[in-house]
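K.L.:
My questions will all concern the structure given below.
The values are calculated or read from the model by the stated rules, or taken from the named source; none is laboratory data. Computed from a prediction, not measured in an experiment: that's the story for all the values here. Neighbour counts are summed over all protein chains in view; Cβ atoms, including those assigned to glycine, are modelled from backbone coordinates with ideal geometry. Surface accessibility is based on the protein's heavy atoms, side chains included, excluding ligands, DNA and RNA. Shrake-Rupley method; radii C 1.70, N 1.55, O 1.52, S 1.80 Å.
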2 protein chains.
Amino acid sequence: MPVTSPGLLTDRYELTMLTAFVRDGSVGHPAVFETFARRLPEGRRYGVVAGLGRLAPMLADFRFDTAEVDWLRAQEVVDDATAAWLRDFRFTGDVDAYPEGDLYFPGSPVLTVRGTLGECVMLETLVLSVLNHDSAVASAAARMVLAAGDRPLVEMGSRRTHEEAAVAAARAAHVAGFASTSNLAAGRRHGVPTVGTAAHAFTLAHPSEAEAFASQVAVQGKDTTLLVDTYDVEQGIRTAVEVAGPGLGAVRIDSGDLADTAAAARALLDELGAHDTRIVATSDLDEYVITALADAPIDGYGVGTRVVTGSGHPTASMVYKLVAVGFEPDGPLHPVAKKSHDKISVGGGKTAWRTHDAAGRVTREWYRVDGVAEAGATRVQVPVVRGGRLVHDPSLAEVRAHCASALATLPEAARSVSAGRPYLTATLEGETDG
Amino acid sequence: MPVTSPGLLTDRYELTMLTAFVRDGSVGHPAVFETFARRLPEGRRYGVVAGLGRLAPMLADFRFDTAEVDWLRAQEVVDDATAAWLRDFRFTGDVDAYPEGDLYFPGSPVLTVRGTLGECVMLETLVLSVLNHDSAVASAAARMVLAAGDRPLVEMGSRRTHEEAAVAAARAAHVAGFASTSNLAAGRRHGVPTVGTAAHAFTLAHPSEAEAFASQVAVQGKDTTLLVDTYDVEQGIRTAVEVAGPGLGAVRIDSGDLADTAAAARALLDELGAHDTRIVATSDLDEYVITALADAPIDGYGVGTRVVTGSGHPTASMVYKLVAVGFEPDGPLHPVAKKSHDKISVGGGKTAWRTHDAAGRVTREWYRVDGVAEAGATRVQVPVVRGGRLVHDPSLAEVRAHCASALATLPEAARSVSAGRPYLTATLEGETDG
């Protein structure tokens, strides 16, 4: 199993730049870096920020152990002076961010890091890896949650993504409103509720479907979910109700035309007296299929591939850019911005604000580089790290509740799965020196 | 940082099934599970298997520590008898697999696990997470490698994927032929060569581009790569050559129309006498853009998002299925297969074979369930684990060489980036009891 301090989950150029900063004397100059997305994935109307609860502790703990520094020196990634600097290093700066589970739009300054040039430059890859992955999953998951309405969703895509990404994906989907996950490490590490009953292999491993169901019911009780499509769905349902009785918890369907199969299953279950037995569907679902199944008699969904891979958009395309820098220690900050014609950004550390209408719908998001508060507006960012210490550590339940309340600020049109332009774009207001 | 034994990187239903197997007495029955993909991603003509070098040691080490078993028991995932079984558990079975870096096609039995029902059923999620992720990256990377021809590729997508997936992606891309990676952990953990110079932030952090370039050259020497598009590419190149001299190693272009910009950059470098200064391009590349840039004067590519996200196909869609089982300890194996009409599979543990033409091109791939060798055919699988012990542990360089030789067995049409049907489909021949 990987046991790596966050320091090496980093691109080499960050340490190459650090070496130059140590050599040319600018390593201790003040700097502000900002994370934002220039655009949302094609057709998406909003994004959901996720990963802060995983990232913030890693930023506070960001350091290099002796063996890692020795390896960096041996590989000539850093020189002796920089190796010495790394041995003593710990992050002492400040981080402000959009709370996890909040919405973001093109231009939203979702995370701002203030510190020395040396300490800020090293965080780029880790910040982006965590936020881009987790936000991609949460953004897709939120669309599925809104499409599913009152029907609960189970995240079950671990097998379709990297084994550690699977744990983070389960957490991000739960933040966005999924009820539970199949992933045990997500349960142990993050407290996400876990569920699971049986695979087709379980039925195949017994001489008959009836023996498999009997074995499962003996262990899990009749409230379990029986997978009824290993051989034939109709016969599977009859056998399931024979074995468990009409008090059977649920049947799971994992193949075929889900609308037709669910309708036939509901009719058969009712005919067999199993009126309270739920129907769970789990085959290649995403927000579009879930929307199309709204009228089918389905009581819950299991979603795999499409949620852990961001439903076609596996990364959130956020970037981490230097927006202000001082050219001497404790010197004044100067806003800076790249001028490449297709990648323009706005200089200066930003504060973000939103206004809402009387019904609580968000109507506008903008940012300022002068830090001045706006009357009648809500500030989006919260302090996360101060002087290298974590000062924001909400529970997963609090994060999940925040996401639900943030999604509730979207108007109905933006909540649908239909493709469209971003509902909002965060824009600059009152630009002055940051 | 996550420190989890492989055991919990697992779906809950595996342990739920295990509990039932312990309870109903079948936990020690012999079983064969197989991993295969029913199809390739749309338009893909071949796949590249990757991840075995990460997976095999995890299978051999697969176990649960005391605290994990206690947690599983407290969560009522397992009962007391199963908790006791887990405390003593280690994998004692056999694994055969396609060598890492080899090709695979629809139906290819890429990994076969033989052991007891209990030990085999628990491996599903871990096997699939590793192989699906790493194979998705390697399959996309191979297409980029073939498109790039002699021009070297750098993997630099860490920021666009989960922080641990980034390390695995760097390794998988290197297996498929990428020369190097930006990811330091991939260098330390897997020995992938790492590279990196500077970001736009480095230029912005200095009062002028010339001062930034001078600082970088002072540390890295004139053979470094200078990023010339922070403000204006033409001025950036002039400044780069002024600072480093005509012996400058390379310039990097990360924005704009790459073909036009590279042509202008080449002309300007030649005019400035920097005939040997290379041009590296790094903006939103994939196999299609690389193919389109074949005539541009570009000497190397850096690929980020598209390689780590599988170029539109972030997972390989492999499944792990029970194909044979005994209904008593040491009893005979019976082939089994799911009969759902859209997810049919073939029962029995398989051996896979290929034939090649006189030019060394692969012409056919098929499998048998009787294990009989075929005259004139090459067996694809190799023994990986025997009695729970790792018996196959090639170096990363050997794996990379194997991938290059496997890709060389594809005919020209299958090597192009054009969409098409799978070049081959592995099919059953001589079906008998496995």
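K.L.:
For the stretch B:66-172, what is the charge dipole size about the Cα centre, in debye to the nearest 20, if Lys and Arg each add +1 at the Cβ and Asp and Glu each add -1 at the Cβ?
P.N.:
Numbers: 9 positive and 17 negative charges, 109 e Å.
Computed about the Cα centre, the dipole is about 520 debye.
K.L.:
Between A:Gly25 and the same site in the other copies, what are the distances in nm, shortest first, taking label points 7 Å from Cα along the C-beta direction?
P.N.:
The answer, with the shortest distance listed first, is 8.4 nm.
K.L.:
Apply the Karplus curve 6.51 cos²θ - 1.76 cosθ + 1.60, θ = phi - 60°, to the phi angles in the stretch B:351-362 and return the couplings in whole Hz, x for Gly and Pro.
P.N.:
10, 10, 9, 9, 10, 10, 7, 4, 7, x, 7, 5
K.L.:
With n ≥ 4 as the cut-off for DSSP H runs, can you work out [θ] at 222 nm for chain B, using -39500 (n - 2.57) per run divided by the number of residues, rounded to the nearest 500?
P.N.:
-10500 deg cm²/dmol
K.L.:
How would B:Tyr231, A:Tyr301 line up by accessible area, probe 1.4 Å, largest first? Could you put the intermediate results ahead of the total?
P.N.:
Working: B:Tyr231 90, A:Tyr301 5 Å².
Ranked from most to least accessible, the order is B:Tyr231, A:Tyr301.
K.L.:
For A:His402, place a label point 7 Å from Cα along the Cα-to-Cβ direction in every copy; what are the distances to the other copies, in nm, shortest first?
P.N.:
Those label-point separations list as 4.7 nm.
K.L.:
Still on this structure: For the stretch B:197-298, build the charge dipole from Cβ charges (+1 Lys, Arg; -1 Asp, Glu) around the Cα centre, then report which of B:Thr197, B:Val228, B:Ala264 sits farthest towards its positive end.
P.N.:
Value computed over the given set: B:Thr197.
K.L.:
Can you pull out the buried accessible area for chains B and A, both sides counted, probe 1.4 Å, rounded to the nearest 100 Å²? Spell out each step's value before the answer.
P.N.:
Details: alone 18770 and 18770 Å², together 29400 Å².
Between B and A, the summed buried area is about 8100 Å².
K.L.:
In addition: Give the residues of the stretch A:385-414 whose amide nitrogen is closer than 16 Å to a point set 7 Å from the Cα of A:Thr363 in the direction of its Cβ.
P.N.:
Within reach of a label on A:Thr363: A:409-412.
K.L.:
Take every Cα-Cα distance within chain A, group them into 10 Å bins from 0 onward, and report for each bin the whole-number percent of pairs it holds.
P.N.:
Cα pair-distance distribution for chain A, in percent: 4, 20, 26, 21, 14, 9, 5, 1, 0.
K.L.:
Additional query: Search the structure for amide H atoms under 5 Å from the amide H of A:His29, placed 1.01 Å from N in the peptide plane, and list their residues when 5 or more places away or on another chain.
P.N.:
Residues meeting the criterion, in which the H sits 1.01 Å from N, are A:Leu117, A:Gly118.
K.L.:
Next up: Can you pull the percent of chain A's accessible area that's carbon plus sulfur, 1.4 Å probe, other chains left in place?
P.N.:
Values: 7450 of 14700 Å².
Roughly 51 percent, rounded to a whole number.
K.L.:
Given the options A:Gly43, A:Ala97, A:Thr82, identify the residue whose Cα lies farthest towards the positive end of the charge dipole of the stretch A:1-97 (+1 on Cβ of Lys, Arg; -1 on Cβ of Asp, Glu).
P.N.:
Farthest towards the positive pole: A:Gly43.
K.L.:
For B:Val384, list long-range residues whose amide hydrogen, built 1.01 Å from N in the peptide plane, is under 5 Å from its own amide hydrogen.
P.N.:
Those qualifying (amide H under 5 Å, at least 5 residues apart or on another chain) are B:Val95, B:Asp96, B:Ala97.
K.L.:
Now for a different question. Which angle between 0 and 90 degrees, to the nearest 10, do you get for helix B:233-244 versus the longest principal axis of chain B when only C-alpha atoms count?
P.N.:
The helix B:233-244 is inclined about 80 degrees to chain B.
K.L.:
Could you tell me which trypsin sites (Lys or Arg not before Pro) in the stretch B:84-186 are loop residues by DSSP with no more than 16 other beta carbons within 10 angstrom of their beta carbon? Please list the in-between numbers first.
P.N.:
Details: sites: B:Arg87, B:Arg90, B:Arg114, B:Arg143, B:Arg159, B:Arg160, B:Arg171; in loops: B:Arg90.
Sites meeting the loop and neighbour criteria: B:Arg90.
K.L.:
Where the only charges are on Cβ atoms (+1 Lys, Arg; -1 Asp, Glu), what is the dipole of chain B about its Cα centre, to the nearest 20 debye?
P.N.:
Values: 40 positive and 55 negative charges, 162 e Å.
Here chain B has a charge dipole of around 780 debye.
K.L.:
I need to check one value: relative contact order of chain B, counting alpha carbon pairs closer than 8 Å and at least 6 residues apart, in percent.
P.N.:
Details: 942 pairs, mean separation 104.4, N = 434.
Relative contact order here is 24 percent.
K.L.:
For the stretch B:279-434, with only Lys/Arg (+1) and Asp/Glu (-1) charged at the beta-carbon, what is the dipole magnitude about the Cα centre, in debye rounded to 20? Provide the component values of the computation, followed by the final result.
P.N.:
Details: 16 positive and 18 negative charges, 62 e Å.
Its charge dipole is roughly 300 debye.
K.L.:
What's the FRET efficiency of B:His356 with A:Ala419 using the Cβ-Cβ distance as r and R₀ = 41 Å, to the nearest 0.05?
P.N.:
On the way: r = 47 Å, r/R0 = 1.14.
Efficiency, rounded to the nearest 0.05: 0.30.
K.L.:
So, one more: Summarise the partner chain shielding of A:113-124 as one whole number: the mean count of Cβ atoms from other chains within 10 Å of each residue's Cβ.
P.N.:
On the way: counts 0, 0, 0, 0, 3, 0, 0, 2, 5, 0, 0, 4.
Across the residues of A:113-124, the mean count of other-chain Cβ atoms within 10 Å is 1.
K.L.:
Please give the average number of partner chain Cβ atoms lying within 10 Å of the Cβ of each residue in B:317-326, rounded to a whole number. Don't skip to the end; give the middle numbers.
P.N.:
Details: counts 3, 2, 2, 3, 4, 7, 2, 1, 5, 1.
What the average comes to for B:317-326 is 3.
K.L.:
Continuing with the same structure: According to the Cα gyration tensor, what semi-axes, each the square root of 5 times an eigenvalue, does the equivalent ellipsoid of the protein assembly as shown have, listed from largest to smallest in whole Å? Write out the running numbers ahead of the final one.
P.N.:
On the way: eigenvalues 430, 219, 113 Å².
Gyration-tensor ellipsoid for the protein assembly as shown: 46, 33, 24 Å.
K.L.:
When you look at the Cβ of every residue in B:173-186, what mean number of other chain Cβ atoms sits within 10 Å? Spell out each step's value before the answer.
P.N.:
Details: counts 0, 0, 0, 0, 0, 0, 0, 1, 2, 6, 7, 16, 10, 3.
Other-chain Cβ atoms within 10 Å of each residue's Cβ, averaged: 3.
K.L.:
So how tilted is helix B:12-24 from the main axis of chain B? Cα-based, degrees 0 to 90, rounded to 10.
P.N.:
In chain B, helix B:12-24 runs at an angle near 20 degrees to the longest axis.
K.L.:
Right, next: What FRET efficiency, computed as 1/(1 + (r/R0)^6) with R0 = 35 Å and r the Cβ-Cβ distance, is obtained for A:Ala81 and B:Asp65, rounded to the nearest 0.05?
P.N.:
0.25
K.L.:
Lysine pairs in chain B 8 or more apart or on different chains: how many have alpha carbons under 29 angstrom apart?
P.N.:
Eligible lysine pairs with Cα atoms under 29 Å apart amount to 6.
K.L.:
Something else: Kindly give the distances from B:Ser418 to its copy-mates, label point to label point, with each label point 7 Å from Cα along Cα→Cβ, as nm values to one decimal ordered shortest first.
P.N.:
4.0
K.L.:
Now a separate question. What is the distance, in nm, between label points placed 7 Å from the Cα along the Cα-to-Cβ direction at B:Gln235 and at A:Arg389?
P.N.:
4.6 nm
K.L.:
Calculate how many DSSP beta bridges within chain A are antiparallel, expressed in % of all such bridges and rounded to the nearest 5.
P.N.:
On the way: 34 of 51 bridges.
In chain A, DSSP labels about 65 percent of beta bridges as antiparallel.
K.L.:
Between B:Arg379 and B:Glu412, what FRET efficiency follows from the Cβ-Cβ distance if R0 is 35 Å, with the result rounded to 0.05?
P.N.:
On the way: r = 26 Å, r/R0 = 0.75.
Computed FRET efficiency for B:Arg379 and B:Glu412 comes out at 0.85.
K.L.:
Sticking with this structure for a sec: Any idea what the relative contact order of the stretch A:241-321 is, in percent, if you count C-alpha pairs under 8 Å spaced at least 6 apart?
P.N.:
Numbers: 100 pairs, mean separation 23.9, N = 81.
With pairs under 8 Å counted, the relative contact order is 29 percent.
K.L.:
Further question on the same structure: Name the most mobile residue of B:Ala176, B:Ala240, B:Ala218, meaning the one with the largest mean-square fluctuation, in a Gaussian network model of chain B with Cα contacts below 10 Å.
P.N.:
B:Ala218
K.L.:
Can you give me the angle between helix B:258-271 and the longest principal axis of chain B, using Cα atoms only, in degrees from 0 to 90, rounded to the nearest 10?
P.N.:
Helix B:258-271 sits roughly 40 degrees off the main axis of chain B.
K.L.:
Of the listed peptides A:325-333, B:284-292, A:311-319, what is their order by residue-averaged count of other C-beta atoms within 10 Å, with the highest listed first? If you can, show how the numbers build up before the last one.
P.N.:
Details: A:325-333: 14.4, B:284-292: 18.9, A:311-319: 22.7.
Going from most to least packed, we get A:311-319, B:284-292, A:325-333.
K.L.:
Students sometimes get this wrong: rank B:Asp80, A:Asp11 by accessible area, probe 1.4 Å, all chains present, largest first. Mind dumping the intermediate values first?
P.N.:
On the way: B:Asp80 105, A:Asp11 5 Å².
Largest accessible area first, the list is B:Asp80, A:Asp11.
K.L.:
Turning to a different aspect of this structure: Can you tell me the Rg and the Dmax, both Å, for the Cα atoms in the stretch B:224-296?
P.N.:
Reported Rg and Dmax, both Å: 11.7, 35.
K.L.:
Given points 7 Å out from each Cα along the Cα-Cβ axis, report the B:Ala267 to B:Glu429 separation in nanometres with one decimal.
P.N.:
Simple spin-label model gives 5.7 nm for this pair.
K.L.:
Tell me the per residue accessible area of chain B using a 1.4 Å probe; a whole number in Å² is fine.
P.N.:
Working: 14700 Å² over 434 residues.
Normalised by residue count, the accessible surface of chain B is 34 Å².
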